[in-house]
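Just below is one structure, and these are the notes that go with it.
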Amino acid sequence: MKGVVLAGGTGSRLNPLTRVTNKHLLPLFDKPMVYYPIQTLVNAGITDILLVSGGKNAGEFLRLLGNGRDFGLRHINYTYQEGEGGIAEALGLAEYFAGDDDICVVLGDNIIENNICAAVESFKKQKEGAKIILKEVTDAQRFGVAEIKGNRVVGIEEKPKNPKSNYAVIGIYLYDKTVFQKIKRLKPSGRGELEITDVNNFYIEENKLTYEVIDGWWTDAGTFESLLRANNLVAQTGANKMPRGPVKPAPLAQKPNSSKDDSE
């Protein structure tokens, strides 16, 4: 399995912090933000990684990360997204890199308390399709929201005014190689972007999408409020924690637990 970190975009919601740098290069407690998604992949045993950047400060990623020595890597791949075509367009740039391999995609502003080791092991046993990771939130209107019936996700709605659940689709996705065919079928949304939610819905139509609910806290860091929250959570508990015992693969599909973490 290969890993893709999506770190493009203009970060307009964090203006003026992002006038002179990419959002994912901003400090998050004691590390640059982009360190956290890379570490998420490395902790899951994924060491062949592509970073997709964009904007005027893409060269700063090379200065910061080099070939990945801080993560114990010998090499990191880089590519560049021109313009603002959305998450799915950025992911499409990884086609040549992924080849026939499965991929794990992490948005560059997503921070987790623990790890995705169980999800990765479960997806390897799945053989085909996709897996999304969910988290119960109190502000579901900000995210893609999963509609769940029984143990299946039957639909995902992007930033709904009236969410059908409180389960947000977090910015970590596992895909087989058909994801790139699906991206080529997309049409721009009302925002003029290719939406990753539409990609996930293609997998739902094929009945090839599974999910699980992540343990521990999760947050993005794309607004001032969520950036502050991410800093506080990392300072208080740390991030990207690893299990003490052997990793047990999660089931292919799992019913959401109705209880929330204390940090939520």
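The values are calculated or read from the model by the stated rules, or taken from the named source; none is laboratory data. Everything numeric in this text was worked out from a predicted model, so none of it was measured. All Cβ positions, glycine included, derive from the backbone under ideal geometry; neighbour counts span all protein chains shown. To get the accessible areas, we keep the full protein, side chains included, count just its heavy atoms, and leave off ligands, DNA and RNA. Shrake-Rupley method; radii C 1.70, N 1.55, O 1.52, S 1.80 Å.
Which peptide among 127-137, 34-44, 174-184 comes first, and what is the full order, when sorted by highest mean count of other Cβ atoms within 10 Å?
Working: 127-137: 20.5, 34-44: 22.9, 174-184: 18.8.
The densest-packed peptide leads the list: 34-44, 127-137, 174-184.
Report in % the part of the accessible area of the chain that belongs to carbon and sulfur, leaving out ligands and nucleic acids; probe 1.4 Å.
Numbers: 5900 of 12560 Å².
Carbon-and-sulfur percentage of accessible area, whole number: 47.
What number do you get for the stretch 108-148 when its Cα radius of gyration is normalised by 2.2 N^0.38 Å, N = residues? Intermediate results must be reported in sequence, preceding the final value.
Numbers: Rg = 12.5 Å, N = 41, 2.2 N^0.38 = 9.0 Å.
Dividing the Cα Rg of the stretch 108-148 by 2.2 N^0.38 Å gives 1.39.
Under 10 Å, Cα contacts only: if you run a Gaussian network model on the chain, which one of Gly190, Gly108, Gly238 comes out with the highest mean-square fluctuation?
Highest fluctuation among the options: Gly190.
Return the distance in nm (one decimal) between the two label points of a simple spin-label model at Asp30 and Asn15, each offset 7 Å from Cα along Cα→Cβ.
Here the answer is 3.5 nm between the modelled labels.
At 1.4 Å probe radius, can you tell me the per residue accessible area of the chain in Å²?
Details: 12560 Å² over 264 residues.
With the other protein chains kept in place, the chain gives 48 Å² per residue.
Using only the Cα atoms of the stretch 41-86, what semi-axes does the equivalent ellipsoid have when each is the square root of 5 times a gyration tensor eigenvalue? Give whole Å, largest first.
On the way: eigenvalues 93, 34, 10 Å².
Value: 22, 13, 7 Å, ordered largest first.
Over the chain, consider all pairs of different Cα atoms and compute the Kirkwood hydrodynamic radius from their mean reciprocal separation; express it in Å, one decimal. Don't skip to the end; give the middle numbers.
Working: mean 1/r = 0.0542 Å⁻¹.
One decimal place: 18.5 Å for the Kirkwood radius.
In nm, to one decimal, how far is the Lys184 label point from the Lys56 one, both placed 7 Å along Cα→Cβ?
3.6
Sum up the charges of everything whose Cβ sits under 12 Å from the Cβ of Gln81, counting Lys and Arg as +1 and Asp and Glu as -1, but leave Gln81 out. Let's see the in-between values first.
Values: positive: none; negative: Glu82, Glu84, Glu89, Glu193.
That works out to -4.
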